[in-house]
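*Asks:* I'd like to ask you about the structure that follows.
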Amino acid sequence: QILHNTGMILDLKRSSVCDLEKDSKDSADADRLCNIEKAYSTVLSELGEDVDREGLLRTPLRAAKAMQFLTKGYKETTQDILNDAIFDENHDEMVIVKDIDLFSLCEHHLVPFFGKAHIAYLPNKKVVGLSKLARIVEIYSRRLQVQERLTKQIASAISEALEPAGVAVVIEAVHMCMVMRGVQKMNASTVTSVMLGSFHDDPKTRKEFLALTMRK
């Protein structure tokens, strides 16, 4: 009887937590959050954990919220952030923003990869607020990704928004799927690049970009 009552109390605690979230979110988001929470509870149970012990009571909900944050880029678009941040400017020299921190999730194992993004573009009568380049990185990195696609998506988004003479993106990242599991190579890093327009066609322009961004 005591064990039965304890189980009912724990169920009520879980329900009340989910109900509180529903009160603070719109219905669709709250339903998704509760469904993700239930999925994490199942995963923990199947791993052999006791989801009713004190330390894990709120873990499924915390994990659900974390996963929603780590994938919030699905709900954001470049149009949303760039509408009021593109300006007419008679400037045609290279613009570089380097060492932009990025964090993403590998879509193959759902473990993190993280590193730096370096971005350059050659304006074609239009420039963008510098912080918006970092926001574009954030939008696409906060999704389930592979580094190769992430690099291309960032470059394409900038190219489509600004129609510049060229865009270059380089990402250097460490993948936890190579560090924590599998081959377990602690010092391995991955570098990907996408060169569009003049950065692709003109070796001198590409060389200048790489010299400016890759030097420490």
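The values are calculated or read from the model by the stated rules, or taken from the named source; none is laboratory data. Owing to the predicted nature of the structure, the values given are computational and were not obtained by experimental measurement. We place every Cβ from the backbone using ideal geometry, glycine too, and count neighbours over all the protein chains shown. Protein only, heavy atoms only, side chains kept; ligands, DNA and RNA dropped before computing areas. Shrake-Rupley method; radii C 1.70, N 1.55, O 1.52, S 1.80 Å.
*Asks:* Being out of contact with any Leu (no Cβ under 8 Å at 6 or more places or on another chain), more than 23 Å from A64 (Cα to Cα), open to solvent by less than 30 Å² (accessible area, probe 1.4 Å) and not polar (S, T, N, Q) is the requirement here; does G129 meet it? Working first, answer last.
*Replies:* Numbers: out of contact with any Leu (no Cβ under 8 Å at 6 or more places or on another chain): yes; more than 23 Å from A64 (Cα to Cα): yes; open to solvent by less than 30 Å² (accessible area, probe 1.4 Å): yes; not polar (S, T, N, Q): yes.
Yes; evaluated as a whole, the condition is true for this residue.
*Asks:* OK, next. Name the residues in the range 193-210 that are within 8 Å of G166 (Cβ to Cβ) and crowded, with 18+ Cβ neighbours inside 10 Å, would you?
*Replies:* M195, L196, G197, S198, F199, T205
*Asks:* Another one. Just one of the numbered conditions (1) farther than 19 Å from L196 by Cβ; (2) among the small types (G, A, S); (3) assigned to a strand (DSSP E or B) is not true of A168; which one?
*Replies:* Unmet for A168, out of (1) farther than 19 Å from L196 by Cβ; (2) among the small types (G, A, S); (3) assigned to a strand (DSSP E or B): (1).
*Asks:* Just the residues that are over 18 Å from the mean Cα position of the chain (by Cα) and not in a strand (DSSP E or B), please, taken from the range 87-118.
*Replies:* E89, N90, H91, D92, E93, M94, listed by residue number.
*Asks:* Now for a separate question. Testing G166 on (1) within 22 Å of H91 (Cα to Cα); (2) open to solvent by 20 Å² or more (accessible area, probe 1.4 Å); (3) of a type in the set (G, A, S), one condition comes back false. Which one is that?
*Replies:* If we test G166 against (1) within 22 Å of H91 (Cα to Cα); (2) open to solvent by 20 Å² or more (accessible area, probe 1.4 Å); (3) of a type in the set (G, A, S), just (2) comes out false.
*Asks:* Still on this structure, I have one more. For the range 22-78, which positions are over 30 Å from E138 (Cβ atoms) and polar (S, T, N, Q)?
*Replies:* So in the range 22-78, the residues over 30 Å from E138 (Cβ atoms) come out as 42, 45-57.
Passing the criteria: T42, S45.
*Asks:* Assess whether S45 counts as being of a type outside the set (D, E, K, R), over 30 Å from V191 (Cβ atoms) and open to solvent by less than 70 Å² (accessible area, probe 1.4 Å). Write out each step before concluding.
*Replies:* Numbers: of a type outside the set (D, E, K, R): yes; over 30 Å from V191 (Cβ atoms): yes; open to solvent by less than 70 Å² (accessible area, probe 1.4 Å): yes.
Judged against the criteria, S45 is a match.
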